[in-house]
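Quick notes on the structure that follows.
What follows is calculated from the coordinates using simple rules that are stated; it is not laboratory data. For clarity, every value in this text was computed on a predicted model and none was experimentally measured. Positions of Cβ are generated from backbone atoms using ideal geometry, with glycine treated the same way; all protein chains shown enter the neighbour counts.
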Amino acid sequence: MAKKRDEAAKMNGVATAPPVLLPIITKAADHPCHECVKCCSYVAIEHDEPTTMKDYDHMVWYLYHENISLFVDWESAWYIKFESRCENLTSAGMCGVYDHRPAICKEFDWRECENHLTPEDGPADKYVFNTADEFLAWFQEKRPKTYKRYLRFKKKRHATGEEKELQRVSQSDGASAPA
């Protein structure tokens, strides 16, 4: 990753700092985050709550992709979550740029991490969707009228233009047919 970052910096005319050698350290066994790197293993971006049929369709599309999930927190804010390990996380589970880490990392409070919740605290989030099927089941249960409108939207969208496109695909081997 560092090599890729340095190459990109050179292409953009940005000078790169020489690598900083960190002392070999580990988290103490009594540290609350011992053997945990959860906060450094994903990115969650706030997303507008779906309100249109196209919005709902985008939610399904996101969930069709690997390592992407959606969640709704207890304040009803929607997030799209990308499972992606920070490139600065060392093999010892430590931050390789600790002294220069972004503010979002510095402001993180380990006491808010879902790994530290107790059963009395309840779940970390109001809703979590790891698959499109989970989202659609929630959608059907929690918003049944809108879900029916969504099904009509999907049916209408799939009914238009399909025949012409399907003619381009051979039924036997999947190769494109002549136009």
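Simple rule: put +1 on each Lys or Arg Cβ and -1 on each Asp or Glu Cβ in the stretch 35-157, find the dipole, and look at A137, P102, S41; the Cα lying farthest toward the positive end is A137.
Footprinting exposure proxy ranking of I45, I80, fewest other C-beta atoms within 10 angstrom first, gives I45, I80.
Modelled spin labels at K148 and H58, positioned 7 Å past Cα toward Cβ, are 2.7 nm from each other. Normalised by 2.2 N^0.38 Å, with N the number of residues, the alpha-carbon radius of gyration of the stretch 35-157 equals 1.26. Of the trypsin sites (Lys or Arg not before Pro) found in the stretch 62-143, those that fall in a DSSP loop while having at most 16 other beta-carbon atoms within 10 Å are R85, K126.
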